[in-house]
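The values are calculated or read from the model by the stated rules, or taken from the named source; none is laboratory data. All of these numbers come straight from a predicted model, not from anything done at the bench. Ideal geometry is used to build each Cβ from the backbone, glycine not excepted, and the neighbour counts take in all protein chains shown.
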Amino acid sequence: MSSQNLIHGEWSSKLVFILAATGSAVGLGNIWRFPYIAGENGGGAFVLIYLACILLIGLPIMMAEVMLGRRGRRSPINTMLVLARAEGLSRYWGLLGWLGMLAGFLILSFYSVIAGWALAYILHAGTNSFSGLDAGGVQRLFSDLLADPYRLLFWHTLFMALNIWVVSRGVRSGLEQAVRFLMPGLLLLLLVLVAYAISSGHFGDGFRFLFRPDFSQVTGDTILMAMGQSFFTLSLGMGAIMIYGSYLNRQASIAKTSAMVVTADTLVAILAGLAIFPIVFASGLAAGQGPGLIFVTLPLAFAQMPAGVLFGTLFFILLGMAAWTSSISLMEPATAYLVENRKLSRPMAAFAVGGVGWLLGVGTVLSFNLWSSPIGLTLSLPGGSVFIGGTIFDMLDYLTSNIMLPLGGLFIALFVGWRMSLQSVQDELGLKSVWIFKAWYHVLRFAAPVGIFLVFLKAVNLI
Ligand code: PFF
Ligand code: NA
């Protein structure tokens, strides 16, 4: 590997890693995807399973992924190759890096389109378009946006250009400062929204929907969706966290930093849920209406609350920025790989990655208008027949979150738990407490991989 350009500097401090990893984790996954997937899956029971997945699968795998990155110090593909060689293992482990890179492109493609919605809503909020609208009005505003492929394409293009710009300058510059005020700002605005939700008189309904589990509604697919959401929201299973770990210095505690990132991410998701569902019930909207959920609930709040134009504009700016700090982490593994192996300059690499993501994103743009009728096939499985398919967006979203990321996580757990020597693992993780190390190691070896595997089996009705 001596011929590779090592692109790496190090984060200026442990805090910077926490900021960057939190920037990657906190994004559309928390504020857009968590509420709408929870809404589609009936609330409470889904949320409980999601939280269990975060703790039992997400946190241990995040520690493993950061650890691999810090030990390998390269793009995920090269990290896996270097580590496999150092441990005397098969070169096929490099495929884990390739799987992650593919997942990264696919997620980037639709992520940018949805982030484009947030950008479009900065303009709506700033020009007072929500004022006087009722539930029907905000729904019309949103469906008008979706119906216009050119508008969607415009915002998608703008967002991708912003990504290319930052990634080509290197993840460090700007990102640190951005995340530093982004996170407090986002928390503050979510608290404002939760306060509004409390004043709406339906806070109890929203709270019960999110936290009172009704397990009679839970199917294998609900569990798969909850697990998929835990991977998506923590940026796990595709090398984004791995490559950020590769910039982390040797002294920092992987366990503590990971725990902080997971806590921040979970907090933002729960606050988003608490802000949105009371509005859903107060205005008679459908909890399970899908990807538009936040775009038809929050504008109602901004239309009615004092200083709604200000708060609304700020909110969608911060949402766009949160999406931005996440999507640059989606681009980073492939960009680093191109710099290392193809000797491209960083700007060229960023442009290539963003360009491919942009092109694939056209499929998602059209999923909401010209190509909105579902495509797919009906399969007969042991438990009955199911329809597999949807729009291009539906399929990309389902395939990446529910299959590719957990599969990546499964192999990360197997690699660290079963194939790397205990010595290297202990050495790199550097946990002072033997007790915590043992707990983590056992969960990573047994609970996490078995859990992922069982969820897969359950989802196809085999158990
Ligand atoms: N975690 C991000 C979010 O919650 O919005 C999305 C994401 C970023 C997923 C990076 C995967 C990834 F590698
Ligand atoms: Na997230």
Item to check | Which listed residue, of A286, A264, A303, A307, is within 30 Å of G409 (Cβ to Cβ) and of a type in the set (A, V, I, L, M) | outcome: A264
Checklist entry - Within the stretch 163-207, which residues are part of a loop (DSSP other than H, G, I, E, B), in contact (Cβ under 8 Å) with a residue 40 or more places away in the chain, closer than 19 Å to L19 by Cα and not basic (K, R)? => result G170, V171
Next on the checklist: For the condition closer than 20 Å to G206 by Cα, part of a helix (DSSP H, G or I) and within 18 Å of the chain's Cα centre (by Cα), what is the one hit in I294, I328, I279?
Outcome noted: I294
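Within the stretch 16-52, can you find the residues that are closer than 26 Å to S109 by Cα and away from ligand 1 (no atom under 11 Å from the Cβ)?
Going residue by residue through the stretch 16-52, those that are closer than 26 Å to S109 by Cα are 17-41, 50.
Listed by number, the residues that qualify are F17, I18, L19, A20, P35, Y36, I37, A38, G39, E40, N41, Y50.
Pull up the stretch 36-58, narrow it to residues that are in contact with a Ser or Thr (Cβ under 8 Å, 6 or more places away or on another chain) and crowded, with 23+ Cβ neighbours inside 10 Å, then point me to the one that is farthest from P299 (Cα to Cα).
In the first step, residues of the stretch 36-58 are kept if they are in contact with a Ser or Thr (Cβ under 8 Å, 6 or more places away or on another chain); the result is 41-42, 45-46, 49-51, 53-54, 57-58.
Among the residues that remain, those that are also crowded, with 23+ Cβ neighbours inside 10 Å are: 41, 46, 49-50, 53-54, 57-58.
Working: N41: 23, F46: 26, I49: 29, Y50: 27, C53: 31, I54: 30, I57: 35, G58: 32 Å.
By that ranking, first place goes to I57.
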Item to check | Residues of the stretch 454-463 satisfying the condition of being crowded, with 20+ Cβ neighbours inside 10 Å and not in a helix (DSSP H, G or I) | outcome: none
Next on the checklist: Can you tell me which of (1) in contact (Cβ under 8 Å) with a residue 24 or more places away in the chain; (2) assigned to a helix (DSSP H, G or I) is the one L123 doesn't meet?
Outcome noted: (1)
Checklist entry - more than 22 Å from the chain's Cα centre (by Cα), assigned to a helix (DSSP H, G or I) and away from ligand 2 (no atom under 15 Å from the Cβ) - does that describe any residue in the stretch 221-243? => result no
Checklist entry - Given the conditions (1) buried (at least 23 other Cβ atoms within 10 Å of the Cβ); (2) hydroxyl-bearing (S, T, Y); (3) over 17 Å from the mean Cα position of the chain (by Cα), which single one is not true for T257? => result (1)
Checklist entry - Within the stretch 30-53, is there a residue that is under 29 Å from L344 (Cα atoms) and within 16 Å of ligand 2 (Cβ to nearest atom)? => result no
Item to check | Tabulated pairs, the stretch 247-258, first under 16 Å from G72 (Cα atoms) and in a loop (DSSP other than H, G, I, E, B), second at pLDDT below 85 and aliphatic (A, V, I, L, M), C-beta under 8 angstrom, 6+ apart or interchain | outcome: Y247/V171
Item to check | Subset of the stretch 309-342 [surrounded by fewer than 24 Cβ atoms within 10 Å (Cβ to Cβ) and either of a type in the set (S, T, Y) or touching a Lys or Arg at 6+ places or on another chain (Cβ under 8 Å) (or both)] | outcome: T313, V339, E340
Item to check | Matching entry among L381, L431 (being in contact (Cβ under 8 Å) with a residue 60 or more places away in the chain, in contact with a helix residue (DSSP H, G or I) (Cβ under 6 Å, 6 or more places away or on another chain) and aliphatic (A, V, I, L, M)) | outcome: L431
Item to check | Every pair of residues 6+ apart whose Cβ atoms lie under 6 Å, when the first sits in the stretch 441-463 and is more than 9 Å from I57 (Cβ to Cβ) while the second is in a loop (DSSP other than H, G, I, E, B) and of a type in the set (A, V, I, L, M) | outcome: L457/I463
Checklist entry - Would you say I412 is assigned to a helix (DSSP H, G or I) and away from ligand 2 (no atom under 16 Å from the Cβ)? => result yes
Item to check | Tally, over the stretch 426-453, of residues that are surrounded by 15 or more Cβ atoms within 10 Å (Cβ to Cβ) and not small (G, A, S) | outcome: 11
